[in-house]
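Below is one structure, written out as structure tokens, with a few remarks after it.
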Amino acid sequence: MAADTSTAVRAVEFDAVEELGFDVERLARVREAIVADIDGERCHGVSMIVARHGKVVLDITEGFADKAAGRTLQSDAVFATMSVAKQFTNVLALSLVERGLLKLHAPVAELIPGFGNLGKEKVNLFHLLTHTSGILSAIPPVHPEVLMNIDKLVEYACRLPLESQPGERVNYSILLGHSVIAAQCLAADGRGRSYAQMLREDVFEPLGMIDTSLGPRDDLTDRLCPVKVSYKDIPALLPPEAVEGLGNLLATPGCEIPGGGCITTVQDVHRFAEMLRRGGELNGARLLSPAMIDFCTQNHTGELRNILFDMWTGTRNWTVYPANIGVGFFMRGEGNIPGLFSVMNSPRTFGGFGAGSTGFTVDPEKDLTLAFMSTGLMEDSYHFERVGVMANHVLAAMTK
């Protein structure tokens, strides 16, 4: 059963919600769906914030931080971001593009000379941000000490051939691609900072994301939710033991995995989404320009499918659909497509997701943001559907 929910939906005035264009009774379906997932043991807990025009209309926390221990999920809980960390790295890289320190079209080898071999000579930052580089898609089969270390993992990447030619296919790189992006950021910055320090000083602190870090932080560990899965005995991109093993790795001191190694709160993900909704600025801190966000939030992969998700055409009997990837973000696009977005979201809606548990979306036409964090990871395709259902409920409650 779900935990006590008497304070789960924090105070948002009904009149204010209606003024922002929502039917209060219809909006209540979001919480009902969340509780049904927890009671049905499809996940363990959920924190979710929805805002329109920058004003919060839903702030929900339900269920457990650690179900096995009976620990209730609190509103200030700290979660493993999983792949939402990619969007933090993407924004940092794009900010360096705006400053002229990185170039989307320039080969990676200009900054990392050892990378320019075995067919990787033409791979550039644009390819990495759109998952069209041809670099290894799967989690690299290396010792954890290598996986957690950007320099060592990029050295490993330099010795690998490509899986496909740059621009030829979309094949989502789970971890390796973003370690290469991070190495480019560090080389372009040239100040000898660690990558965790660079993210903190250039992204998290300016946005007031005070409870977010790359790798564990002593003052956050007491609130950190363990990475546990809620599924078993079903086909999955990663088996439960691999997901939970990765979760343990993320809690290791000194861990720097730019593709998935951040910890954060739903409030901080909400702030990040709001920065993007506002055209790259929040509370006077500008990370990106509206022009850059406009360029990045278009479908840059055309009709190419995401090969990593091919298994779902068999395990879920889904039809093949376009990857719809922008420069660093997933896009809603057109048509009846499963995933992170509702079919009622506008086509330019964009966002990011993390394995079985996290995600955020920004709908610029409806001026709407959604931040979602959960415990008890679902298999990825069910997580995609789940967040899409939550977005459906939100959009179906909109009256203007």
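Before moving on, here are some points about what is shown:
- Scanning region 144-158 for residues that are in a loop (DSSP other than H, G, I, E, B) and either in contact with a strand residue (DSSP E or B) (Cβ under 8 Å, 6 or more places away or on another chain) or not polar (S, T, N, Q) (or both) yields one hit, 148.
- Residue 347 meets the conditions (1) in a loop (DSSP other than H, G, I, E, B); (2) in contact with a helix residue (DSSP H, G or I) (Cβ under 6 Å, 6 or more places away or on another chain) in every case but one. The failed one is (2).
- The single condition among (1) touching a Lys or Arg at 6+ places or on another chain (Cβ under 9 Å); (2) touching a residue at least 60 places away in the same chain (Cβ under 8 Å); (3) closer than 23 Å to residue 328 by Cα; (4) surrounded by fewer than 23 Cβ atoms within 10 Å (Cβ to Cβ) that residue 101 does not meet is (1).
- Scan of region 108-143 for residues that are closer than 21 Å to residue 325 by Cα and not in a loop (DSSP other than H, G, I, E, B), ordered by number: 108, 124, 125, 126, 127, 128, 129
- Any chance residue 371 is within 21 Å of residue 51 (Cβ to Cβ), surrounded by 24 or more Cβ atoms within 10 Å (Cβ to Cβ) and in contact (Cβ under 8 Å) with a residue 40 or more places away in the chain: yes
- Top-ranked residue of region 227-259 - restricted to ones that are touching a Cys at 6+ places or on another chain (Cβ under 9 Å) and more than 12 Å from residue 355 (Cβ to Cβ), ranked as surrounded by the most Cβ atoms within 10 Å (Cβ to Cβ): 258
Okay, residues lined up against (1) assigned to a helix (DSSP H, G or I); (2) assigned by TED's automatic domain parsing to the domain that holds residue 41; (3) under 24 Å from residue 141 (Cβ atoms):
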| site | (1), (2), (3) |
| --- | --- |
| 199 | yes, no, no |
| 206 | no, no, no |
| 217 | no, no, no |
| 226 | no, no, no |
| 232 | no, no, yes |
| 236 | no, no, yes |
| 241 | yes, no, yes |
| 244 | yes, no, yes |
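- Top-ranked residue of region 316-331 - restricted to ones that are touching a residue at least 24 places away in the same chain (Cβ under 8 Å) and within 23 Å of residue 278 (Cα to Cα), ranked as surrounded by the most Cβ atoms within 10 Å (Cβ to Cβ): 324
- Residue within region 159-168 that is part of a helix (DSSP H, G or I) and among the hydroxyl-bearing types (Ser, Thr, Tyr) present: no
- Per the conditions (1) modelled with pLDDT of 95 or more; (2) among the aliphatic types (A, V, I, L, M); (3) more than 15 Å from the chain's Cα centre (by Cα), the sole criterion not satisfied by residue 243 is (1).
- Filtered residue count, region 44-61, keeping only those that are more than 17 Å from residue 269 (Cβ to Cβ) and in contact with a strand residue (DSSP E or B) (Cβ under 7 Å, 6 or more places away or on another chain): 1
- The set of residues from region 249-304 being among the small types (Gly, Ala, Ser), over 19 Å from residue 81 (Cβ atoms) and in a loop (DSSP other than H, G, I, E, B) comprises 279, 280, 284, 289, 302.
- Residues in region 31-59 that are under 21 Å from the mean Cα position of the chain (by Cα), of a type outside the set (D, E, K, R) and farther than 11 Å from residue 374 by Cα: 49, 50, 51, 54, 56, 58.
- Tallying residues that are of a type outside the set (Ser, Thr, Tyr) and either buried (at least 17 other Cβ atoms within 10 Å of the Cβ) or touching a Ser or Thr at 6+ places or on another chain (Cβ under 8 Å) (or both) within region 275-297 yields 13.
- Output for region 62-74, where each listed residue is closer than 17 Å to residue 269 by Cβ and surrounded by fewer than 20 Cβ atoms within 10 Å (Cβ to Cβ): 74
- Residues in region 298-315 that are among the polar types (S, T, N, Q) and crowded, with 19+ Cβ neighbours inside 10 Å were compared, and the one that is nearest to residue 267 (Cα to Cα) is 299.
Residues checked against (1) outside any helix (DSSP H, G or I); (2) touching a Gly at 6+ places or on another chain (Cβ under 8 Å):
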{"position": "342", "(1), (2)": "yes, yes"}
{"position": "352", "(1), (2)": "yes, yes"}
{"position": "356", "(1), (2)": "yes, no"}
{"position": "369", "(1), (2)": "yes, no"}
{"position": "374", "(1), (2)": "yes, yes"}
{"position": "383", "(1), (2)": "no, yes"}
{"position": "390", "(1), (2)": "no, no"}
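- The set of residues in region 306-344 that are of a type outside the set (A, V, I, L, M), in contact with a helix residue (DSSP H, G or I) (Cβ under 7 Å, 6 or more places away or on another chain) and within 18 Å of residue 359 (Cα to Cα) comprises 326, 328, 329, 338, 339, 341, 342.
- Restricting 224, 147, 160, 220 to those that are buried (at least 20 other Cβ atoms within 10 Å of the Cβ) and modelled with pLDDT of 95 or more reduces the list to 147.
The values are calculated or read from the model by the stated rules, or taken from the named source; none is laboratory data. Worth saying up front: this structure is predicted, and the values here are computed from it rather than measured. All Cβ positions, glycine included, derive from the backbone under ideal geometry; neighbour counts span all protein chains shown.
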